[in-house]
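The values are calculated or read from the model by the stated rules, or taken from the named source; none is laboratory data. Computed from a predicted structure; not experimentally measured. Positions of Cβ are generated from backbone atoms using ideal geometry, with glycine treated the same way; all protein chains shown enter the neighbour counts. SASA here: full protein model, heavy atoms, side chains in, ligands and nucleic acids out. Shrake-Rupley method; radii C 1.70, N 1.55, O 1.52, S 1.80 Å.
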Amino acid sequence: MNYNGRDINSGVDTGSADKVKSSNHISPIRPIQRNTIPQQKTANRLFGSVGVRSGFQNIFSIQNNVDPLDVLYDFSSIAKSKRNMQDVYYLLHNIAVTRLGLSFSALGILNSQSNCINLQLLDRIGNSFNSRALLSKSQNPIVKAFVDKIPQTVADNDFLKIDYIPKTKSLILPMIYQGNCYGVLILGYSELTQQCSDLLQILVDYLALHVANAQINEISTLNGDTDILTGLKTHRAFQESLSEEIKKASETDKPVSVVIFDINNISQINREFGHAKGDEIIKLVSEKIKQNIRSIDVAGRYGGDEIALVLPDTDNSEATYITEYLNYSLSCCLVDDVGSIKVSVGLATYPTCAREQEKLLILAEQAMIISKNKGSKNGISTAVNAQDINFWNEAALDSFASVIAKRHSQLGLNFEEELVDKFHSDSINSNNHLIDVVTSLAGAIDAKDTYTKGHSTSVSRYAEALARALNLPDDEVERIKLGALLHDVGKIGIPENILGRTTKLEDDEWEIMKQHPVIGAEKVLAPVAALRDLIPMVKHHHEHWDGSGYPDNLKGEEIPLAARIVAVADTFHALISDRPYRKGLPIEKAIEILRIGSGIQWDSELVRKFIVIAPSLITTI
């Protein structure tokens, strides 16, 4: 049901790159020479709204009416003024969706450090999504196109693992320049003429040139492997050393540990005593670490005030001992005006904590952040081992989200993807453990939208009360309580720019929003055997009694009873809660809205029961 033009259950309206310097080492493609330029033609037509509903037109007809020379001329005229690869990609994307009628494009660039292709996908209305393809997954069509340097056509786009883009065919074009493949461009289409395909290949070749330019420029501007301030390895050199040690460890079946030191209060020291004092402390910490590590160990400057170590052939217990010794040594250093040096330390070990380099570093950073939080409370230097972290407690989730947010653009990782992966891999050993994990997951979902924080817990409480008012068996009440806690779990896959919108959503955005029940049921719950009986509640809590709901247009008693209970509880809490576009409604008004929608959106009998108990639920808040 809508209230003031907004869906009261979702909390959103129902209506509506990093820049990379380019060098001049490679000459750009010259624009096609033409004898005349039609007076009405301007480059501005390439930048019409990408939200134009051309997706509802005859795509095949659009492409047959395209003049390739017109497109190439317009593209080259504008592209030559672009200073980086990202801007050229945006230009190509606009042509693909507005001139050729394609549904989306995705730029994939090789990340050799992580052995993957990082993907940025843009849809017709400009929403941006990130994903990645591991080069080790040889059957992935993205990897095939990249490795074989041959275009791939795919009958769907499921391989992208992005649930909220239209299901279409896909064309994957490798970006090749001078025999080297730098990445891929992926395009979604309903129909594609050969002429259009050839045209896209020319545009992709131009994009490959810009990627090559960017990488040549990056290599030429490197300042060597040694950090000037600390004398340690640079961040890049440290990453390369870690990669080499992990490779050796995988071949010899030996462990490798990573330690990250963060100097406490360095920002405050810079403010109070100047940056020279901060630099002095960073150099002192670096020197002390260099003096106390083995010749085979590698130390590098990981961030502004972070020093990282690679400890080859060192298991978790040995690394813990080394870390504690270094921590003690640093605490014995005294600096004029500042006192003793305090650090926060995080530790992770290959392969016990993780096998992938980026995940190993993420766990070490997560442990370091938890260490910092502990240290700020008791004022001492602390060290935390990633192996000892309870992933699902609040501090661990907060620190994990912080690390993923910081590294997202660099690695193509996503907090929600990693959280769900962990959820699927966690071994549930008791009912209490299950409840703890589910509660933590629900809290992480609510945290995506500050205006609905605590929503899942409240809906669970209201649903439980309604189930008890219906005299349902205790085991069924517990099942409904758990299902209500996870009713919005699919929102973990909805982009923040849609989930947090305070104004009207466009039709395309609303279609994405409506997918969250299916995402929750099929992508999050289905792989967990202990939670599969909750799927009907999660999938169908937005169905309406009159059949006007989603995703399956179920009506009446076709809708599972548990889902109907959750729907009433969900709506009631949405009505009485503050939202960015309105204050929470008084209980009397909320009850009146439920009564009006009774027999239309909600089960009349359930509404009648809920209205009786609603006042007592509010008074206990």
Quick one: Karplus J couplings for the range 476-491, per residue in order, coefficients 6.51, -1.76, 1.60, θ = phi - 60°, nearest Hz, x for Gly and Pro? 6, 4, 5, 5, 5, 4, 6, x, 5, 4, 9, 4, 9, 4, x, 5
Highest to lowest packing among 244-251, 515-522, scored as the average C-beta count within 10 Å: 515-522, 244-251
Whole-angstrom Cα spans of the range 101-203 along principal axes, big to small: 34, 29, 23
With the crude spin-label approximation of a point 7 Å out along Cα→Cβ, what separation in nm comes out for residue 478 versus residue 325? 5.1 nm
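Evaluate E = 1/(1 + (r/R0)^6) for residue 548 and residue 136, where r is the Cβ-Cβ distance and R0 equals 30 Å; express this FRET efficiency to the nearest 0.05.
So, using R0 = 30 Å, E works out to roughly 0.05.
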Translational diffusion of the range 495-621, µm² s⁻¹ [Kirkwood Rh, Cα pairs; Stokes-Einstein; 10 °C; 1.306 mPa s]: 100 µm²/s
Under 5 Å between amide H atoms, partner at least 5 residues away or on a different chain: which partners does residue 111 have, H built in plane at 1.01 Å? 116, 117, 118
Taking H as built 1.01 Å from N, whose amide H comes closer than 5 Å to the amide H of residue 125, not counting residues under 5 places away? none
If we count every other residue with Cβ under 9 angstrom of residue 301's Cβ, Lys/Arg +1 and Asp/Glu -1, where does the sum land? -1
With every protein chain kept in place and ligands, DNA and RNA left out, what is the accessible area per residue of the range 265-342? Probe 1.4 Å, answer in Å². 51 Å²
Ignoring everything but the protein chains, give the 1.4 Å probe accessible area of residue 504 in square angstrom, nearest 10. 120 Å²
Taking θ = phi - 60°, what integer Hz values does the Karplus form 6.51 cos²θ - 1.76 cosθ + 1.60 yield along the range 271-279, in sequence order, with x for Gly and Pro? 5, 7, 10, x, 5, 4, 5, x, 4
From the phi angles alone, apply the Karplus equation (6.51, -1.76, 1.60; θ = phi - 60°) to the range 187-193 and give each ³J(HN,Hα) in whole Hz, x where the residue is Gly or Pro. 10, x, 8, 8, 9, 8, 6
Using a 1.4 Å probe and ignoring any ligands, DNA or RNA, find the accessible area of residue 510 and quote it in Å² to the nearest 10. 40 Å²
The answer for the range 107-243, accessible area per residue at 1.4 Å probe in Å², is 42 Å²
Starting from the amide H of residue 232, placed 1.01 Å from N in the peptide plane, find each other amide H under 5 Å away whose residue is 5 or more places distant or on another chain. 227
Orientation-averaged projected area, Cα convex hull of the range 230-281 (nm²): 4.5 nm²
Which entries of 144/523; 277/372; 514/555; 247/342; 254/374 have Cα-Cα distances beyond 23 Å here? 144/523; 247/342; 254/374
Taking the full set of protein chains and a 1.4 angstrom probe, give the accessible area of residue 80 in square angstrom, rounded to the nearest 10. 130 Å²
